[in-house]
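Structure, as structure tokens:
The values are calculated or read from the model by the stated rules, or taken from the named source; none is laboratory data. These figures come from a predicted structure and were not determined experimentally. No Cβ is skipped: glycine too gets one built from the backbone with ideal geometry, and neighbour counts run over all protein chains shown. These accessible areas exclude ligands, DNA and RNA; they are computed on the full protein's heavy atoms, side chains included. Shrake-Rupley method; radii C 1.70, N 1.55, O 1.52, S 1.80 Å.
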Amino acid sequence: MTVSEDSTIPTPASVKPSAVPKPPSAAPKAPTPAAPTSPSVPAGTPAAAATEASAPATQAAPAPSAAVETPSNSNAASFGRVDEDGTVYVRTPDGEKAVGSYPGKSADEALAYFARKYDELRAAAALLLQRVTQTDISAHDAGESLKTLRKQVAETNAVGDLPALDSIIEDIATALRVKQQVEGEARAEAKKEALVHREQLVAEAEQIAAQDPEKVQWKKSTTRMRELLDEWKNHQKNGARLDRDVESALWQRFSAARNGFDKTRRTHFSQLDEQHGAAKKEKERLVAEAEKLATSNDWGPTASTFKRLMSEWRQAGRASRSDDDALWQRFKKAQDAFFAAKDEVVAEENKVFEANAKVKEELLAEGQKILPVKDLGAAKAQLRALQEKWDAAGKVPRKDMDRIEKGMRRIENGVRDAEQAQWKKSDPEVSARANSMVTQLENAVASLRSDVEAAEAAGNSNKAAKLRQELEAKQSWLEQVRSTANELEG
């Protein structure tokens with residue numbers, strides 16, 4: 001049994017760039033007027049599966065065998081005919097075209113064979129169109145598949161609606177152009193985003209490098225600069241590629257920032273070592289002086305000297321951590337020894353000061369009776385007597401000093417405030433200013449009333465409402481100023 005025609009049979013898998021179809025096994029060949037090819041579509045191939053999937057659900061497609069050919073499951077055969085000598089023709093818009101022959105088979109079987117070839121080509125085209133329009137296949141892979149499909153359509157002789165097949169292929173080409181455009185736009189957007197990200201990395205690196213060396217958090221900044229380099233490498237490896245000149249320019253800036261930062265860091269820590277040495281020398285001097293004062297019993301002057309030494313210690317700066325900690329322990333030991341001895345003496349004094357505190361507590365209770373001030377002259381006389389007793393009572397313990405002194409200040413401030421309030425009331429200049437303000441406000445209120453009446457008469461309700469609000473505010477202010485003026489005159 002031999003079939004003659006001029007091409008191989010494609011399968012839907014042939015649309016994939018990695019799976020160009022091989023012709024199915026053919027029966028033994030015999031010389032015919034056309035090139036021999038396989039007589040049937042092998043069972044189990046992707047093309048056979050695509051063809052069977054397009055058949056009606058109620059039709060069971062019989063399995064092909066060497067003796068029986070599977071008929072076409074579409075109307076493709078209606079586009080062809082078989083002449084008396086067994087040659088199969090397909091009708092096209094340009095006229096009939098011979099596609100081959102199938103010796104030893106009936107005309108229907110011959111047409112069915114070439115129709116099946118058309119069905120498989122159409123199934124392959126439909127599958128590729130679906131992949132291009134509904135999956136994420138790349139434009140490159142889809143383009144390669146379309147090339148393969150076009151070649152197979154050109155080389156395969158089949159019977160069917162060839163213009164419809166060409167239309168599907170054009171639909172694929174159109175969808176592919178759209179996909180190429182979309183991918184191009186996506187690449188451009190990714191490139192744009194990559195440029196923004198790289199520029200952000202460069203800007204942050206330059207910002208880190210431009211910091212004041214005296215204010216830089218070196219550990220944090222060094223770690224961040226290392227992270228920026230890792231981000232740069234990762235983006236260069238996995239991100240969208242930039243134009244060579246753009247990437248080169250950004251890298252030059254990024255590298256310059258990193259090198260500048262490293263140079264500044266080395267310089268800073270070199271200077272820091274020098275500062276540590278100078279600080280160590282100065283603090284050794286302060287420690288030596290503090291240790292000489294540790295046994296002094298000249299409490300006041302020595303306490304002031306320790307205060308000065310502490311201030312100089314803070315101004316000396318920091319030595320290295322180990323030196324600084326050791327020197328501080330010596331300084332603190334000398335300071336603590338002096339103040340511990342001083343505190344023992346103060347503790348004895350506090351026994352006397354406790355009694356003084358009780359006296360002043362009683363004086364505070366007596367002074368509270370002066371407030372609120374009703375008779376200023378009598379209040380001032382009572383306060384003077386209270387102050388004389390207060391001074392005579394002596395010192396109080398340090399822990400009570402602030403509380404007791406504040407209590408006395410409240411009494412003194414109460415009398416002083418009453419005195420100032422009385423003076424303000426008797427000040428003619430203040431009273432005159434208050435009366436002048438009353439007059440001005442009264443004139444303003446009268447003018448606003450006239451404006452409100454005029455606006456209402458003109459039917460301008462919006463303007464009248466605004467003027468009325470302003471009038472109410474002026475009247476409220478006038479009442480407050482009048483009250484103040486009356487108090488001053490009274």
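Residues in segment 357-406 that are crowded, with 17+ Cβ neighbours inside 10 Å, farther than 23 Å from VAL346 by Cβ and not aliphatic (A, V, I, L, M): GLY367, GLN382. Go through segment 313-325 and give me each residue that's in contact with a helix residue (DSSP H, G or I) (Cβ under 6 Å, 6 or more places away or on another chain) and open to solvent by 40 Å² or more (accessible area, probe 1.4 Å). Those that are in contact with a helix residue (DSSP H, G or I) (Cβ under 6 Å, 6 or more places away or on another chain) and open to solvent by 40 Å² or more (accessible area, probe 1.4 Å): ARG318, ASP323. Taking the stated definitions as given, is LYS333 closer than 23 Å to ARG403 by Cα, touching a helix residue (DSSP H, G or I) at 6+ places or on another chain (Cβ under 9 Å) and open to solvent by 70 Å² or more (accessible area, probe 1.4 Å)? Taking the combined requirement at face value, the residue does not satisfy it. Against the conditions (1) surrounded by 11 or more Cβ atoms within 10 Å (Cβ to Cβ); (2) in a helix (DSSP H, G or I), ARG241 satisfies every one except (2). Only residues that are more than 29 Å from TYR113 (Cα to Cα), open to solvent by 70 Å² or more (accessible area, probe 1.4 Å) and either assigned to a helix (DSSP H, G or I) or touching a strand residue (DSSP E or B) at 6+ places or on another chain (Cβ under 9 Å) (or both) were counted across segment 132-162, and they come to 3. Every condition in (1) closer than 18 Å to ALA209 by Cβ; (2) at pLDDT 90 or above; (3) open to solvent by 60 Å² or more (accessible area, probe 1.4 Å) is met by TRP328 except one, and the failing one is (1).
Go through GLU479, GLU472, GLU456 for me and flag whichever is free of Cβ contacts under 8 Å to residues at least 60 places away in the same chain, assigned to a helix (DSSP H, G or I) and surrounded by 14 or more Cβ atoms within 10 Å (Cβ to Cβ). On inspection, the qualifying residue turns out to be GLU456. Going by the structure shown, is ASP343 open to solvent by 50 Å² or more (accessible area, probe 1.4 Å) and in a helix (DSSP H, G or I)? When the stated conditions are applied, ASP343 passes them.
Residues in segment 88-112 that are under 11 Å from ASN157 (Cβ atoms) and touching a Gly at 6+ places or on another chain (Cβ under 9 Å): VAL88, TYR89, VAL90, VAL99, SER101.
Could you grab me the full set of residues in segment 245-288 that are under 17 Å from GLU204 (Cα atoms) and loosely packed, with under 13 Cβ neighbours inside 10 Å? GLN252, ASN259, listed by residue number. Screening the candidates LYS220, LYS215, LYS233 for the property of being at pLDDT 85 or above and outside any helix (DSSP H, G or I) yields one hit, LYS215. Number of residues in segment 187-233 that are open to solvent by 60 Å² or more (accessible area, probe 1.4 Å), of a type in the set (Lys, Arg) and in contact (Cβ under 8 Å) with a residue 12 or more places away in the chain equals 3. Taking the criterion of being more than 30 Å from GLY95 (Cβ to Cβ) and either of a type in the set (Lys, Arg) or open to solvent by less than 60 Å² (accessible area, probe 1.4 Å) (or both), the residues of segment 163-186 that qualify are ALA175, LEU176, ARG177, LYS179, GLU183, GLY184, ALA186. Of the residues in segment 88-101, none is over 14 Å from LEU165 (Cβ atoms), open to solvent by 40 Å² or more (accessible area, probe 1.4 Å) and in contact with a helix residue (DSSP H, G or I) (Cβ under 8 Å, 6 or more places away or on another chain).
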